[in-house]
Amino acid sequence: MSFPKQFLWGGATAANQLEGGWQEGGKGVSCSDICTGGSHKQSKRITPVFEAETFYPSHMAVDHFHHFKEDIALFAEMGFRVYRFSIAWTRIFPKGDEKEPNEAGLKFYEELIDECLKYNIEPLITISHYEVPFGLTKKCNAWASREMIDYYINYCEAIFNRYKGKVKYWLTFNEINSATMALGGFLSQGILNEKEKSTEFMKQKDIPKLRFQGLHHQFIASAKAVQLAHRIDSEYKVGCMNIYATSYPLTCNPDDVVFNQKRNQIFNYFCSDVQCRGYYPSYIGRYFKENNIEIEMEVGDKDILKAGTVDFHTFSYYMSSCETADKSKANGEGNIMGGVANPYLKASDWGWQIDPKGLRYTLNEIYDRYQMPLMVVENGLGAYDKIEEDGSINDSYRIDYLKAHISEMHEAVLDGVDLIGYTPWGCIDLVSASTGEYAKRYGFIYVERYDDGTGDFSRRKKKSFDWYKKVIATNGEDLEY
């Protein structure tokens, strides 16, 4: 009645939201580095030309670059069996198009990986997590160009060879399906269609054809990376990673049911269908036709996709929403992925609706579709955390959120789902990818860093720290606090 004995409990972060040290060790400029701070009420901005007096949170983030040994020791204290992190592409290839990798960058991640292994923590590495080299955006508009495939594979070859024997699990792209939305064009693919000095992140000029062409290039790159990884090390396991934005029909009106089905096909399944099954699904043809999208494929692309399917499927899950064909219904507050509010659910400080049972539902839906091992590699509650007078942080609301979701994961395991790991997002506080703020905190570990640029980066444990430590120690059997 418990989780599998070898279940991978841990946590997840991303380089561009965590590391800082943006100009140290030969690192180049990534697309995340040109994004200003923001909030859930004010969009962050994209500034291709740096502004002298503007705050760029990713430049220092929470300074993991200088604190990684301290941070990993804290993860080990919690009992982590796996740590999902990403490699900053621009630490390895500063501009993205160099032929030879940057040794200082390779060495930094080797030290980080070795620190994990010292504590028997399995590294789970995201190869590209929302930080395309800005040099490639300037050179070829990033993933809009097929040139990116070779740049990406060159990068993969460098890290696959360097960390052979030390790493087992890889993810090709973080939340690849974000590029089915307008904001994902820059966030995920580095595509920048504006020529202005600055533009709001939430109001980018969008060219859907470029985004979906970029996705095709990423599909080919992912498939080639899978094949390359298996050639370099037969022990390598390579997975995909999607946002899973669970949605339900708002009503039992058949119009709502069909509307929700179509939305799920495009957002939740299109990318993983290609990466897990190895071919474009039949339903995408009508969508492309109705949206004037025509994908340019080269001879052999279909064979590459077929030969490069992933070994396992991972996804992020934070919330759910409802869908309706009734255009008079407004989107739910804070829901950047669309959808209307579910009257049966409560919401977080950021307006994200909390739906633990939706995670069980989602795990069953995905596993029934692909029949391959699954990991929940992002899940958590972004909230305003308060330091009490005695220095403690009583984040019982976070414990309640995670407890409920872990309980539903357990139900999914009993349902027969092959769930092999769980890495809650932002296990240590970091910068929000969507809003560019520190105030939206997820971690078990509080970092003294604030949206006005102050803070000494000191770390302190929240109440959830010891709770999660107990959860791991009991393999998910004791969720009380």
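Can you name the helices (runs of 4 or more DSSP H) wholly within the range 234-328 that have at least 3 residues being of a type in the set (A, V, I, L, M)?
Details: elements: 254-264, 270-277, 284-290, 301-307.
So the answer is 301-307.
Select the helices (runs of 4 or more DSSP H) contained entirely in the range 129-228, then report the ones holding at least 1 residues which are polar (S, T, N, Q).
On the way: elements: 134-140, 147-162, 184-187.
Here the list reads 134-140, 147-162.
Within the range 222-233, is even one residue touching a residue at least 60 places away in the same chain (Cβ under 8 Å), touching a Pro at 6+ places or on another chain (Cβ under 6 Å) and over 30 Å from residue 354 (Cβ atoms)?
Here is the first cut: in the range 222-233, the residues touching a residue at least 60 places away in the same chain (Cβ under 8 Å) are 222-229, 232-233.
Next, only the ones that are touching a Pro at 6+ places or on another chain (Cβ under 6 Å) stay: none.
Checked against the condition, which is being touching a residue at least 60 places away in the same chain (Cβ under 8 Å), touching a Pro at 6+ places or on another chain (Cβ under 6 Å) and over 30 Å from residue 354 (Cβ atoms), the range 222-233 yields no hits at all.
Pairs needed: first member in the range 124-141, more than 13 Å from residue 48 (Cβ to Cβ); second member anywhere, outside any helix (DSSP H, G or I) and modelled with pLDDT under 95; C-beta distance under 7 Å; at least 6 residues apart or different chains.
130/433
Per-residue answers, yes or no, for (1) more than 16 Å from residue 445 (Cβ to Cβ); (2) crowded, with 24+ Cβ neighbours inside 10 Å:
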| residue | (1), (2) |
| --- | --- |
| 375 | yes, yes |
| 379 | yes, no |
| 387 | no, no |
| 401 | yes, no |
| 406 | yes, no |
| 417 | yes, no |
| 420 | yes, no |
| 423 | no, yes |
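If residue 193 satisfies all but one of (1) buried (at least 23 other Cβ atoms within 10 Å of the Cβ); (2) in contact with a Lys or Arg (Cβ under 6 Å, 6 or more places away or on another chain), what's the number of the condition it fails?
Failed condition: (1).
So is residue 440 crowded, with 23+ Cβ neighbours inside 10 Å and under 22 Å from residue 202 (Cα atoms) or not?
On the way: crowded, with 23+ Cβ neighbours inside 10 Å: yes; under 22 Å from residue 202 (Cα atoms): yes.
Yes; evaluated as a whole, the condition is true for this residue.
List the number of the failed condition for residue 455; all other conditions in (1) more than 21 Å from the chain's Cα centre (by Cα); (2) at negative phi hold.
With (1) more than 21 Å from the chain's Cα centre (by Cα); (2) at negative phi applied to residue 455, the lone miss is (2).
Pairs needed: first member in the range 95-123, under 15 Å from residue 67 (Cα atoms) and in contact (Cβ under 8 Å) with a residue 40 or more places away in the chain; second member anywhere, part of a helix (DSSP H, G or I) and among the aromatic types (Phe, Trp, Tyr); C-beta distance under 6 Å; at least 6 residues apart or different chains.
Listed pairs, sorted by first residue: 112/68.
Could you list, in sequence order, all residues of the range 101-145 that are within 23 Å of residue 242 (Cβ to Cβ) and either among the polar types (S, T, N, Q) or surrounded by fewer than 17 Cβ atoms within 10 Å (Cβ to Cβ) (or both)?
Listed by number, the residues that qualify are 126, 128.
Provide a single number: the residues in the range 446-471 that are of a type outside the set (Ser, Thr, Tyr) and part of a helix (DSSP H, G or I).
First, pick out the residues of the range 446-471 that are of a type outside the set (Ser, Thr, Tyr): 447-449, 451-453, 455-457, 459-463, 465-467, 469-471.
With part of a helix (DSSP H, G or I) added as a condition, the list becomes 463, 465-467, 469-471.
So the answer is 7.
Residue-by-condition table, conditions (1) surrounded by fewer than 20 Cβ atoms within 10 Å (Cβ to Cβ); (2) among the hydrophobic types (A, V, I, L, M, F, W, C); (3) in contact with a Ser or Thr (Cβ under 9 Å, 6 or more places away or on another chain):
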position	(1), (2), (3)
223	no, yes, yes
237	yes, no, no
246	no, no, yes
249	yes, no, yes
255	yes, no, yes
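In the list 251, 246, which residue meets the criterion of being more than 24 Å from the chain's Cα centre (by Cα) and either under 28 Å from residue 425 (Cβ atoms) or touching a residue at least 12 places away in the same chain (Cβ under 8 Å) (or both)?
Values: 246 fails: more than 24 Å from the chain's Cα centre (by Cα).
After applying the criteria, what remains is 251.
Name the single residue, out of those in the range 45-100 being assigned to a loop (DSSP other than H, G, I, E, B) and of a type in the set (Phe, Trp, Tyr), that is surrounded by the fewest Cβ atoms within 10 Å (Cβ to Cβ). Reasoning before the result, please.
First pass over the range 45-100, keeping only residues assigned to a loop (DSSP other than H, G, I, E, B): 47-56, 60-63, 79-81, 87-88, 93-100.
Then keep just the ones that are of a type in the set (Phe, Trp, Tyr); that gives 50, 55-56, 80, 93.
Numbers: 50: 12, 55: 14, 56: 21, 80: 25, 93: 23.
In this case the residue turns out to be 50.
With (1) in contact with a helix residue (DSSP H, G or I) (Cβ under 9 Å, 6 or more places away or on another chain); (2) at pLDDT 95 or above; (3) more than 24 Å from residue 373 (Cα to Cα); (4) of a type outside the set (Phe, Trp, Tyr) as the list, and residue 166 as the residue in question, which single condition is left unmet?
(3)
All but one of (1) closer than 25 Å to residue 122 by Cβ; (2) among the hydrophobic types (A, V, I, L, M, F, W, C); (3) within 21 Å of the chain's Cα centre (by Cα) hold for residue 383; state the number of the condition that does not hold.
Of (1) closer than 25 Å to residue 122 by Cβ; (2) among the hydrophobic types (A, V, I, L, M, F, W, C); (3) within 21 Å of the chain's Cα centre (by Cα), only one is false for residue 383: (1).
Can you tell me which residues in the range 52-78 are without any contact (Cβ under 8 Å) to a residue 40 or more places away in the chain and not hydroxyl-bearing (Ser, Thr, Tyr)?
Here is the first cut: in the range 52-78, the ones without any contact (Cβ under 8 Å) to a residue 40 or more places away in the chain are 52-54, 56, 59.
52, 53, 59, listed by residue number.
The values are calculated or read from the model by the stated rules, or taken from the named source; none is laboratory data. These numbers come from a predicted model, not from an experiment. Positions of Cβ are generated from backbone atoms using ideal geometry, with glycine treated the same way; all protein chains shown enter the neighbour counts.
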